[in-house]
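S.K.: Structure provided below as C-alpha coordinates; questions to follow.
The values are calculated or read from the model by the stated rules, or taken from the named source; none is laboratory data. None of these values were measured; they are calculated from a predicted model. Heads up, the Cβs are rebuilt from the backbone with ideal geometry, glycines too, and the neighbour counts pull from every protein chain shown.
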Amino acid sequence: MPDVKFVFLYTDAVLWLVLAAVLLYARSAARKPLAARKWRRVLANRTALAAAAVLSVFFAAALADSVHFRRALAPEPGIEQAYETRTVSLLDVLVGERIAGRERSYSAPFALHDFDKTTVLTPSGSERTFQRLKGASPEIPESGMRLKFIKKLAAGVMTGAVLLGAFWFILAAVVKLVRGIGYGQALRRVTSPRNPWRPAILVWQGAILLGAVAAFLWPSWHILGTDATGNDALYSALKSVRTAFVIGSLATLTTLPFAVVLGICAGYFKGWADDVIQYVYTTLSSIPSVLLIAASVLMVQVFIDKNPQLYATGLERADLRLFLLAAIIGMTSWAGLARLLRAETMKVSAMDFVTAAHAFGVPHARIMARHIFPNVMHIVLIVAVLDFSSIVLYEAVLSYVGVGVDPTMDSFGSMINAAAVEMSRSPVIWWNLLASFLFMVTMVLAANLFASGVREAFDPRAGGRDA
(Lines give C-alpha, C1' and ligand atoms only; values in the text may rest on other atoms or scores of the structure.)
Protein backbone atom coordinates (compact mmCIF):
# COMPACT_ATOMS: atom_id res chain seq x y z
CA MET A 1 0.00 0.00 0.00
CA PRO A 2 1.44 3.47 -0.88
CA ASP A 3 2.50 5.84 1.87
CA VAL A 4 -0.62 7.47 3.31
CA LYS A 5 -1.62 9.74 6.15
CA PHE A 6 -4.68 8.47 7.97
CA VAL A 7 -7.39 11.04 8.73
CA PHE A 8 -9.38 10.65 11.94
CA LEU A 9 -13.08 11.52 11.76
CA TYR A 10 -15.47 11.45 14.70
CA THR A 11 -18.03 9.44 12.79
CA ASP A 12 -15.40 6.86 11.81
CA ALA A 13 -14.79 6.26 15.51
CA VAL A 14 -18.55 5.89 16.07
CA LEU A 15 -18.93 3.04 13.57
CA TRP A 16 -15.83 1.16 14.74
CA LEU A 17 -16.93 1.54 18.37
CA VAL A 18 -20.36 0.20 17.40
CA LEU A 19 -18.67 -2.84 15.87
CA ALA A 20 -16.59 -3.36 19.01
CA ALA A 21 -19.67 -2.97 21.23
CA VAL A 22 -21.63 -5.53 19.17
CA LEU A 23 -18.78 -8.05 19.40
CA LEU A 24 -18.37 -7.53 23.16
CA TYR A 25 -22.12 -7.86 23.70
CA ALA A 26 -22.20 -11.04 21.60
CA ARG A 27 -19.39 -12.49 23.72
CA SER A 28 -21.17 -11.52 26.94
CA ALA A 29 -24.56 -12.86 25.76
CA ALA A 30 -23.00 -16.18 24.74
CA ARG A 31 -21.87 -16.69 28.35
CA LYS A 32 -25.33 -16.04 29.83
CA PRO A 33 -27.75 -18.97 29.32
CA LEU A 34 -30.93 -16.87 29.29
CA ALA A 35 -29.60 -14.26 26.84
CA ALA A 36 -28.11 -17.01 24.67
CA ARG A 37 -31.47 -18.79 24.47
CA LYS A 38 -33.24 -15.60 23.43
CA TRP A 39 -30.70 -14.80 20.73
CA ARG A 40 -30.89 -18.36 19.45
CA ARG A 41 -34.61 -17.77 19.13
CA VAL A 42 -33.91 -14.62 17.10
CA LEU A 43 -31.51 -16.47 14.80
CA ALA A 44 -34.00 -19.34 14.43
CA ASN A 45 -36.34 -16.84 12.79
CA ARG A 46 -35.36 -17.20 9.13
CA THR A 47 -36.69 -13.78 8.19
CA ALA A 48 -34.83 -12.04 11.02
CA LEU A 49 -31.63 -13.94 10.18
CA ALA A 50 -31.82 -12.95 6.51
CA ALA A 51 -32.49 -9.32 7.53
CA ALA A 52 -29.46 -9.40 9.83
CA ALA A 53 -27.34 -10.66 6.92
CA VAL A 54 -28.56 -7.79 4.73
CA LEU A 55 -27.64 -5.31 7.46
CA SER A 56 -24.21 -6.93 7.79
CA VAL A 57 -23.56 -6.35 4.07
CA PHE A 58 -24.54 -2.69 4.38
CA PHE A 59 -22.50 -2.31 7.56
CA ALA A 60 -19.43 -3.79 5.86
CA ALA A 61 -19.74 -1.13 3.15
CA ALA A 62 -20.10 1.57 5.83
CA LEU A 63 -16.96 0.32 7.62
CA ALA A 64 -14.99 0.35 4.35
CA ASP A 65 -16.13 3.95 3.91
CA SER A 66 -14.96 4.76 7.46
CA VAL A 67 -11.23 4.33 6.86
CA HIS A 68 -10.04 7.71 5.58
CA PHE A 69 -6.58 8.77 4.47
CA ARG A 70 -4.65 11.11 2.21
CA ARG A 71 -2.12 9.75 -0.26
CA ALA A 72 1.50 10.89 -0.26
CA LEU A 73 2.71 13.10 -3.08
CA ALA A 74 5.89 12.29 -4.97
CA PRO A 75 8.84 12.93 -2.61
CA GLU A 76 11.30 15.69 -3.42
CA PRO A 77 14.85 15.90 -2.04
CA GLY A 78 15.18 18.15 0.98
CA ILE A 79 11.45 18.74 1.30
CA GLU A 80 9.23 17.24 4.00
CA GLN A 81 6.79 14.61 2.78
CA ALA A 82 3.59 16.25 1.50
CA TYR A 83 0.16 14.68 1.05
CA GLU A 84 -2.79 15.22 -1.27
CA THR A 85 -5.44 17.66 -0.10
CA ARG A 86 -8.15 15.19 -1.13
CA THR A 87 -9.22 12.69 1.52
CA VAL A 88 -10.40 9.30 0.27
CA SER A 89 -11.80 6.23 1.96
CA LEU A 90 -11.07 2.55 1.57
CA LEU A 91 -14.39 2.21 -0.28
CA ASP A 92 -13.28 4.90 -2.74
CA VAL A 93 -10.11 2.93 -3.47
CA LEU A 94 -11.81 -0.46 -3.73
CA VAL A 95 -14.89 0.65 -5.68
CA GLY A 96 -15.05 4.34 -6.45
CA GLU A 97 -11.86 4.54 -8.50
CA ARG A 98 -12.84 1.51 -10.58
CA ILE A 99 -16.20 2.73 -11.85
CA ALA A 100 -17.03 4.90 -14.85
CA GLY A 101 -15.66 8.43 -14.35
CA ARG A 102 -17.39 11.67 -13.44
CA GLU A 103 -19.50 13.24 -16.18
CA ARG A 104 -20.55 16.76 -17.13
CA SER A 105 -24.10 16.36 -15.87
CA TYR A 106 -27.01 13.93 -16.13
CA SER A 107 -26.73 10.65 -18.00
CA ALA A 108 -29.30 7.87 -18.12
CA PRO A 109 -28.62 4.31 -16.87
CA PHE A 110 -26.30 2.38 -19.24
CA ALA A 111 -26.13 5.39 -21.59
CA LEU A 112 -23.16 6.21 -23.80
CA HIS A 113 -24.05 9.89 -24.27
CA ASP A 114 -25.06 12.87 -22.14
CA PHE A 115 -28.73 13.24 -21.31
CA ASP A 116 -28.75 16.84 -22.61
CA LYS A 117 -27.21 18.33 -25.72
CA THR A 118 -23.96 20.28 -25.48
CA THR A 119 -22.76 23.10 -27.72
CA VAL A 120 -19.50 22.14 -29.48
CA LEU A 121 -17.37 23.85 -32.10
CA THR A 122 -17.00 22.16 -35.49
CA PRO A 123 -15.28 23.25 -38.73
CA SER A 124 -18.69 24.37 -39.98
CA GLY A 125 -19.52 26.31 -36.82
CA SER A 126 -21.10 25.55 -33.46
CA GLU A 127 -23.77 22.90 -33.05
CA ARG A 128 -25.61 21.18 -30.21
CA THR A 129 -25.11 17.43 -29.97
CA PHE A 130 -25.25 14.62 -27.44
CA GLN A 131 -21.61 14.18 -26.43
CA ARG A 132 -20.21 10.75 -25.59
CA LEU A 133 -19.71 10.22 -21.86
CA LYS A 134 -16.16 10.52 -20.57
CA GLY A 135 -16.64 7.45 -18.40
CA ALA A 136 -18.08 5.28 -21.17
CA SER A 137 -15.49 2.68 -22.08
CA PRO A 138 -13.91 3.27 -25.55
CA GLU A 139 -14.24 -0.45 -26.25
CA ILE A 140 -18.05 -0.14 -26.34
CA PRO A 141 -19.16 0.63 -29.92
CA GLU A 142 -21.95 3.04 -30.76
CA SER A 143 -23.82 0.16 -32.39
CA GLY A 144 -23.80 -3.35 -30.99
CA MET A 145 -23.77 -2.19 -27.37
CA ARG A 146 -26.28 -4.88 -26.43
CA LEU A 147 -23.88 -7.67 -27.45
CA LYS A 148 -21.09 -6.10 -25.40
CA PHE A 149 -23.43 -5.82 -22.43
CA ILE A 150 -24.41 -9.50 -22.67
CA LYS A 151 -20.75 -10.54 -22.84
CA LYS A 152 -19.82 -8.51 -19.76
CA LEU A 153 -22.91 -9.72 -17.91
CA ALA A 154 -22.03 -13.34 -18.71
CA ALA A 155 -18.45 -12.78 -17.58
CA GLY A 156 -19.70 -11.28 -14.32
CA VAL A 157 -22.09 -14.17 -13.68
CA MET A 158 -19.37 -16.76 -14.37
CA THR A 159 -16.92 -14.94 -12.09
CA GLY A 160 -19.60 -14.75 -9.44
CA ALA A 161 -20.19 -18.51 -9.74
CA VAL A 162 -16.48 -19.15 -9.15
CA LEU A 163 -16.49 -16.82 -6.13
CA LEU A 164 -19.58 -18.58 -4.75
CA GLY A 165 -17.76 -21.91 -4.97
CA ALA A 166 -14.79 -20.42 -3.14
CA PHE A 167 -17.21 -18.99 -0.56
CA TRP A 168 -18.61 -22.49 0.18
CA PHE A 169 -15.11 -23.91 0.64
CA ILE A 170 -14.09 -21.07 2.95
CA LEU A 171 -17.23 -21.58 5.05
CA ALA A 172 -16.47 -25.31 5.25
CA ALA A 173 -12.92 -24.53 6.39
CA VAL A 174 -14.27 -22.27 9.14
CA VAL A 175 -16.75 -24.95 10.32
CA LYS A 176 -13.98 -27.55 10.26
CA LEU A 177 -11.80 -25.32 12.42
CA VAL A 178 -14.57 -24.41 14.88
CA ARG A 179 -16.25 -27.83 15.17
CA GLY A 180 -13.14 -29.97 14.83
CA ILE A 181 -14.71 -32.26 12.22
CA GLY A 182 -13.55 -33.55 8.84
CA TYR A 183 -13.56 -31.23 5.84
CA GLY A 184 -16.04 -33.36 3.89
CA GLN A 185 -18.45 -33.44 6.80
CA ALA A 186 -18.09 -29.68 7.27
CA LEU A 187 -18.81 -29.07 3.57
CA ARG A 188 -21.93 -31.25 3.72
CA ARG A 189 -23.08 -29.40 6.82
CA VAL A 190 -22.78 -25.90 5.34
CA THR A 191 -24.41 -26.89 2.04
CA SER A 192 -27.28 -28.78 3.67
CA PRO A 193 -30.78 -27.29 3.15
CA ARG A 194 -31.31 -27.88 6.89
CA ASN A 195 -28.40 -25.61 7.81
CA PRO A 196 -29.93 -23.03 10.22
CA TRP A 197 -27.64 -20.34 8.79
CA ARG A 198 -28.84 -20.95 5.24
CA PRO A 199 -30.93 -17.71 4.97
CA ALA A 200 -27.88 -15.61 5.87
CA ILE A 201 -25.64 -17.62 3.54
CA LEU A 202 -28.06 -17.05 0.65
CA VAL A 203 -28.03 -13.30 1.29
CA TRP A 204 -24.22 -13.20 1.36
CA GLN A 205 -24.14 -15.27 -1.83
CA GLY A 206 -26.49 -12.82 -3.50
CA ALA A 207 -24.24 -9.93 -2.44
CA ILE A 208 -21.17 -11.71 -3.86
CA LEU A 209 -22.92 -12.40 -7.17
CA LEU A 210 -24.18 -8.80 -7.51
CA GLY A 211 -20.72 -7.50 -6.65
CA ALA A 212 -19.11 -9.69 -9.32
CA VAL A 213 -21.59 -8.54 -11.98
CA ALA A 214 -21.13 -4.88 -10.98
CA ALA A 215 -17.34 -5.31 -11.19
CA PHE A 216 -17.68 -6.06 -14.91
CA LEU A 217 -20.44 -3.57 -15.76
CA TRP A 218 -19.54 -0.55 -13.63
CA PRO A 219 -16.23 0.37 -15.30
CA SER A 220 -17.98 0.65 -18.67
CA TRP A 221 -21.39 2.12 -17.82
CA HIS A 222 -23.09 4.14 -15.12
CA ILE A 223 -25.50 1.41 -14.00
CA LEU A 224 -28.03 3.85 -12.54
CA GLY A 225 -26.93 6.96 -14.40
CA THR A 226 -25.45 10.17 -12.99
CA ASP A 227 -26.80 13.18 -11.11
CA ALA A 228 -26.72 16.91 -11.94
CA THR A 229 -23.01 17.18 -11.04
CA GLY A 230 -22.06 14.06 -13.00
CA ASN A 231 -21.56 11.75 -10.00
CA ASP A 232 -22.52 8.10 -10.35
CA ALA A 233 -25.97 7.71 -8.73
CA LEU A 234 -25.41 4.11 -7.63
CA TYR A 235 -22.13 4.99 -5.95
CA SER A 236 -23.71 8.00 -4.23
CA ALA A 237 -26.41 5.70 -2.83
CA LEU A 238 -23.74 3.24 -1.66
CA LYS A 239 -21.85 6.00 0.16
CA SER A 240 -25.12 7.22 1.70
CA VAL A 241 -25.27 3.93 3.62
CA ARG A 242 -22.48 5.14 5.91
CA THR A 243 -24.35 8.37 6.66
CA ALA A 244 -27.49 6.39 7.52
CA PHE A 245 -25.59 4.06 9.86
CA VAL A 246 -23.85 6.98 11.60
CA ILE A 247 -27.13 8.82 12.12
CA GLY A 248 -28.99 5.71 13.30
CA SER A 249 -26.23 4.38 15.57
CA LEU A 250 -25.03 7.63 17.14
CA ALA A 251 -28.53 9.02 17.69
CA THR A 252 -29.59 5.76 19.36
CA LEU A 253 -26.48 5.68 21.57
CA THR A 254 -27.05 9.31 22.55
CA THR A 255 -30.67 8.59 23.44
CA LEU A 256 -29.96 5.64 25.76
CA PRO A 257 -28.18 7.39 28.69
CA PHE A 258 -30.90 10.03 29.02
CA ALA A 259 -33.77 7.58 28.64
CA VAL A 260 -32.34 4.81 30.85
CA VAL A 261 -31.13 6.98 33.74
CA LEU A 262 -34.10 9.34 33.88
CA GLY A 263 -36.72 6.68 33.14
CA ILE A 264 -35.47 4.31 35.85
CA CYS A 265 -35.01 7.12 38.40
CA ALA A 266 -38.56 8.40 37.78
CA GLY A 267 -40.09 4.96 38.24
CA TYR A 268 -37.92 3.99 41.21
CA PHE A 269 -37.89 7.13 43.39
CA LYS A 270 -41.39 8.38 42.45
CA GLY A 271 -42.46 11.53 44.34
CA TRP A 272 -40.82 14.83 43.44
CA ALA A 273 -38.14 13.14 41.29
CA ASP A 274 -40.85 11.54 39.16
CA ASP A 275 -42.70 14.88 38.87
CA VAL A 276 -39.58 16.77 37.74
CA ILE A 277 -38.54 14.14 35.17
CA GLN A 278 -42.11 13.88 33.83
CA TYR A 279 -42.24 17.67 33.50
CA VAL A 280 -38.97 17.68 31.54
CA TYR A 281 -39.91 15.01 29.01
CA THR A 282 -43.49 16.27 28.69
CA THR A 283 -42.18 19.73 27.85
CA LEU A 284 -39.68 18.24 25.39
CA SER A 285 -42.43 16.20 23.72
CA SER A 286 -44.60 19.31 23.36
CA ILE A 287 -42.05 21.02 21.08
CA PRO A 288 -42.28 19.90 17.42
CA SER A 289 -39.17 17.79 16.98
CA VAL A 290 -38.40 19.06 13.47
CA LEU A 291 -38.41 22.68 14.66
CA LEU A 292 -36.28 21.86 17.70
CA ILE A 293 -33.72 19.96 15.64
CA ALA A 294 -33.72 22.63 12.91
CA ALA A 295 -33.01 25.38 15.46
CA SER A 296 -30.20 23.34 17.01
CA VAL A 297 -28.64 22.51 13.64
CA LEU A 298 -28.73 26.16 12.57
CA MET A 299 -26.92 27.17 15.77
CA VAL A 300 -24.33 24.48 15.12
CA GLN A 301 -23.90 25.75 11.56
CA VAL A 302 -23.25 29.27 12.86
CA PHE A 303 -20.53 27.89 15.17
CA ILE A 304 -18.94 25.93 12.30
CA ASP A 305 -18.97 28.98 9.98
CA LYS A 306 -17.35 31.20 12.62
CA ASN A 307 -14.56 28.73 13.44
CA PRO A 308 -13.11 27.57 10.10
CA GLN A 309 -9.67 27.15 11.70
CA LEU A 310 -10.91 24.04 13.53
CA TYR A 311 -11.08 21.95 10.34
CA ALA A 312 -8.21 21.05 8.03
CA THR A 313 -10.47 19.92 5.17
CA GLY A 314 -14.05 20.31 4.01
CA LEU A 315 -14.64 16.64 4.80
CA GLU A 316 -13.85 17.24 8.48
CA ARG A 317 -16.25 20.19 8.52
CA ALA A 318 -19.05 18.10 6.99
CA ASP A 319 -18.24 15.23 9.36
CA LEU A 320 -18.57 17.46 12.43
CA ARG A 321 -22.00 18.62 11.26
CA LEU A 322 -23.06 14.98 10.76
CA PHE A 323 -21.77 14.05 14.22
CA LEU A 324 -23.58 16.93 15.94
CA LEU A 325 -26.79 16.33 13.95
CA ALA A 326 -26.89 12.72 15.17
CA ALA A 327 -26.21 13.83 18.75
CA ILE A 328 -28.98 16.45 18.56
CA ILE A 329 -31.47 13.89 17.26
CA GLY A 330 -30.54 11.58 20.14
CA MET A 331 -30.82 14.27 22.82
CA THR A 332 -34.29 15.27 21.61
CA SER A 333 -35.71 11.75 21.13
CA TRP A 334 -35.40 10.06 24.52
CA ALA A 335 -38.81 10.92 25.95
CA GLY A 336 -40.69 7.91 24.52
CA LEU A 337 -38.24 5.32 25.85
CA ALA A 338 -38.08 7.11 29.21
CA ARG A 339 -41.87 6.79 29.57
CA LEU A 340 -41.73 3.05 28.89
CA LEU A 341 -38.88 2.51 31.35
CA ARG A 342 -40.63 4.56 34.03
CA ALA A 343 -43.74 2.37 33.80
CA GLU A 344 -41.76 -0.89 33.74
CA THR A 345 -39.56 0.25 36.65
CA MET A 346 -42.65 0.95 38.77
CA LYS A 347 -43.81 -2.62 38.14
CA VAL A 348 -40.42 -4.19 38.87
CA SER A 349 -39.93 -2.05 42.00
CA ALA A 350 -43.03 -3.62 43.58
CA MET A 351 -41.69 -7.18 43.21
CA ASP A 352 -40.53 -9.24 46.17
CA PHE A 353 -36.82 -9.38 45.34
CA VAL A 354 -36.61 -5.57 45.27
CA THR A 355 -38.50 -5.35 48.57
CA ALA A 356 -36.08 -7.88 50.06
CA ALA A 357 -33.11 -5.83 48.84
CA HIS A 358 -34.56 -2.77 50.61
CA ALA A 359 -35.02 -4.80 53.80
CA PHE A 360 -31.35 -5.83 53.75
CA GLY A 361 -30.28 -2.21 53.35
CA VAL A 362 -28.89 -2.47 49.83
CA PRO A 363 -28.09 1.05 48.48
CA HIS A 364 -30.47 2.53 45.92
CA ALA A 365 -27.82 2.77 43.20
CA ARG A 366 -26.97 -0.94 43.61
CA ILE A 367 -30.65 -1.95 43.49
CA MET A 368 -31.20 0.01 40.28
CA ALA A 369 -28.04 -1.38 38.68
CA ARG A 370 -28.35 -5.04 39.79
CA HIS A 371 -32.12 -5.59 40.05
CA ILE A 372 -34.01 -2.94 38.07
CA PHE A 373 -31.87 -2.40 34.97
CA PRO A 374 -31.47 -6.10 33.99
CA ASN A 375 -35.25 -6.55 34.20
CA VAL A 376 -35.99 -3.61 31.89
CA MET A 377 -33.13 -4.32 29.49
CA HIS A 378 -35.42 -6.11 27.06
CA ILE A 379 -37.37 -2.85 26.55
CA VAL A 380 -34.15 -0.92 25.93
CA LEU A 381 -32.99 -3.47 23.37
CA ILE A 382 -36.33 -3.66 21.54
CA VAL A 383 -36.83 0.12 21.35
CA ALA A 384 -33.20 0.72 20.31
CA VAL A 385 -33.49 -1.69 17.38
CA LEU A 386 -36.89 -0.35 16.36
CA ASP A 387 -35.78 3.29 16.58
CA PHE A 388 -32.78 2.70 14.31
CA SER A 389 -34.88 2.49 11.15
CA SER A 390 -37.10 5.42 12.12
CA ILE A 391 -34.04 7.62 12.72
CA VAL A 392 -32.65 6.68 9.29
CA LEU A 393 -35.93 7.87 7.75
CA TYR A 394 -35.82 10.95 9.97
CA GLU A 395 -32.47 11.97 8.47
CA ALA A 396 -33.99 11.74 5.00
CA VAL A 397 -36.78 14.11 6.06
CA LEU A 398 -34.37 16.59 7.68
CA SER A 399 -32.04 16.63 4.67
CA TYR A 400 -35.07 17.05 2.42
CA VAL A 401 -36.10 20.25 4.24
CA GLY A 402 -32.50 21.54 4.25
CA VAL A 403 -31.47 21.09 7.91
CA GLY A 404 -29.84 17.68 7.63
CA VAL A 405 -26.30 16.71 6.68
CA ASP A 406 -23.85 18.98 4.87
CA PRO A 407 -24.73 19.34 1.16
CA THR A 408 -21.29 17.98 0.22
CA MET A 409 -21.94 14.70 2.03
CA ASP A 410 -23.80 11.83 0.38
CA SER A 411 -27.08 10.93 2.08
CA PHE A 412 -30.46 9.51 1.12
CA GLY A 413 -32.16 12.76 2.11
CA SER A 414 -29.92 14.84 -0.15
CA MET A 415 -30.57 12.50 -3.07
CA ILE A 416 -34.32 12.65 -2.50
CA ASN A 417 -34.15 16.43 -2.17
CA ALA A 418 -32.42 16.67 -5.55
CA ALA A 419 -34.90 14.21 -7.06
CA ALA A 420 -37.81 16.47 -6.09
CA VAL A 421 -36.64 18.95 -8.73
CA GLU A 422 -35.62 16.28 -11.22
CA MET A 423 -39.02 14.59 -11.17
CA SER A 424 -40.76 17.85 -12.09
CA ARG A 425 -38.72 18.53 -15.21
CA SER A 426 -39.33 17.21 -18.70
CA PRO A 427 -38.00 14.73 -19.60
CA VAL A 428 -38.04 13.26 -16.12
CA ILE A 429 -34.79 12.32 -14.33
CA TRP A 430 -36.00 9.27 -12.40
CA TRP A 431 -32.87 7.21 -11.72
CA ASN A 432 -31.50 9.25 -8.77
CA LEU A 433 -34.75 8.74 -6.88
CA LEU A 434 -34.68 5.04 -7.81
CA ALA A 435 -31.12 4.59 -6.49
CA SER A 436 -31.85 6.23 -3.13
CA PHE A 437 -35.22 4.48 -2.88
CA LEU A 438 -33.78 1.00 -3.48
CA PHE A 439 -30.99 1.36 -0.92
CA MET A 440 -33.00 3.15 1.75
CA VAL A 441 -36.03 0.87 1.54
CA THR A 442 -33.85 -2.26 1.58
CA MET A 443 -31.93 -1.02 4.60
CA VAL A 444 -34.97 0.17 6.57
CA LEU A 445 -37.00 -2.95 5.71
CA ALA A 446 -34.14 -5.20 6.87
CA ALA A 447 -33.84 -3.22 10.11
CA ASN A 448 -37.61 -3.48 10.73
CA LEU A 449 -37.69 -7.22 10.05
CA PHE A 450 -34.73 -7.81 12.36
CA ALA A 451 -36.34 -5.61 15.02
CA SER A 452 -39.54 -7.67 14.73
CA GLY A 453 -37.54 -10.86 15.38
CA VAL A 454 -35.84 -9.28 18.40
CA ARG A 455 -39.18 -8.12 19.80
CA GLU A 456 -40.76 -11.56 19.46
CA ALA A 457 -37.82 -13.17 21.27
CA PHE A 458 -37.30 -10.63 24.06
CA ASP A 459 -40.75 -9.16 24.75
CA PRO A 460 -42.68 -11.36 27.24
CA ARG A 461 -45.99 -10.06 25.89
CA ALA A 462 -45.01 -11.28 22.40
CA GLY A 463 -44.37 -14.81 23.61
CA GLY A 464 -40.67 -14.32 24.22
CA ARG A 465 -40.66 -15.44 27.88
CA ASP A 466 -38.90 -18.72 28.48
CA ALA A 467 -40.98 -21.50 29.87
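S.K.: Go through region 402-459 and give me each residue that's among the basic types (Lys, Arg) and free of Cβ contacts under 8 Å to residues at least 40 places away in the same chain.
M.R.: ARG425
S.K.: Something else about it: Restricting to region 63-85, give me the number of residues that are closer than 23 Å to ARG317 by Cα and surrounded by 11 or more Cβ atoms within 10 Å (Cβ to Cβ).
M.R.: 13
S.K.: Now a separate question. Of the residues SER349, SER389, which single one is among the polar types (S, T, N, Q), in the same structural domain as GLY413 (by TED's automatic domain parsing) and closer than 24 Å to LEU250 by Cα?
M.R.: SER389
S.K.: Of all residues in region 286-337, which are over 26 Å from ALA266 (Cβ atoms), free of Cβ contacts under 8 Å to residues at least 40 places away in the same chain and surrounded by 16 or more Cβ atoms within 10 Å (Cβ to Cβ)?
M.R.: VAL300, ILE304, LEU324, listed by residue number.
S.K.: Go through region 253-277 and give me each residue that's among the β-branched types (Val, Ile, Thr) and out of contact with any Phe, Trp or Tyr (no Cβ under 6 Å at 6 or more places or on another chain).
M.R.: THR254, VAL260, VAL261, ILE264, VAL276, ILE277 - these are the residues of region 253-277 that are among the β-branched types (Val, Ile, Thr) and out of contact with any Phe, Trp or Tyr (no Cβ under 6 Å at 6 or more places or on another chain).
S.K.: All but one of (1) in a helix (DSSP H, G or I); (2) at pLDDT 85 or above hold for SER285; state the number of the condition that does not hold.
M.R.: Looking at each condition in turn, SER285 falls short on (2).
S.K.: Shifting gears a bit: Filter region 86-108 down to the residues that are farther than 21 Å from ALA207 by Cα, in contact (Cβ under 8 Å) with a residue 40 or more places away in the chain and not aliphatic (A, V, I, L, M), then identify the one that is surrounded by the most Cβ atoms within 10 Å (Cβ to Cβ).
M.R.: SER107
Rundown of residues vs (1) farther than 18 Å from TYR235 by Cβ; (2) free of Cβ contacts under 8 Å to residues at least 24 places away in the same chain, yes/no style:
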site: PHE115; (1), (2): no, no
site: THR119; (1), (2): yes, yes
site: ARG128; (1), (2): yes, yes
site: PHE149; (1), (2): yes, no
site: MET158; (1), (2): yes, yes
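S.K.: Another question, if that's okay. In this structure, is VAL421 over 17 Å from ARG321 (Cβ atoms) and either β-branched (Val, Ile, Thr) or buried (at least 19 other Cβ atoms within 10 Å of the Cβ) (or both)? Reasoning before the result, please.
M.R.: Working: over 17 Å from ARG321 (Cβ atoms): yes; either β-branched (Val, Ile, Thr) or buried (at least 19 other Cβ atoms within 10 Å of the Cβ) (or both): yes.
So VAL421 fits the description; yes.
S.K.: I would also like to ask the following. How do the pairs read when you match residues in region 177-206 that are closer than 15 Å to VAL57 by Cα with residues anywhere that are basic (Lys, Arg) and surrounded by 12 or more Cβ atoms within 10 Å (Cβ to Cβ), using Cβ under 7 Å and keeping only pairs 6 or more apart or on different chains?
M.R.: If the second residue must be basic (Lys, Arg) and surrounded by 12 or more Cβ atoms within 10 Å (Cβ to Cβ), the pairs left are PRO199/ARG46.
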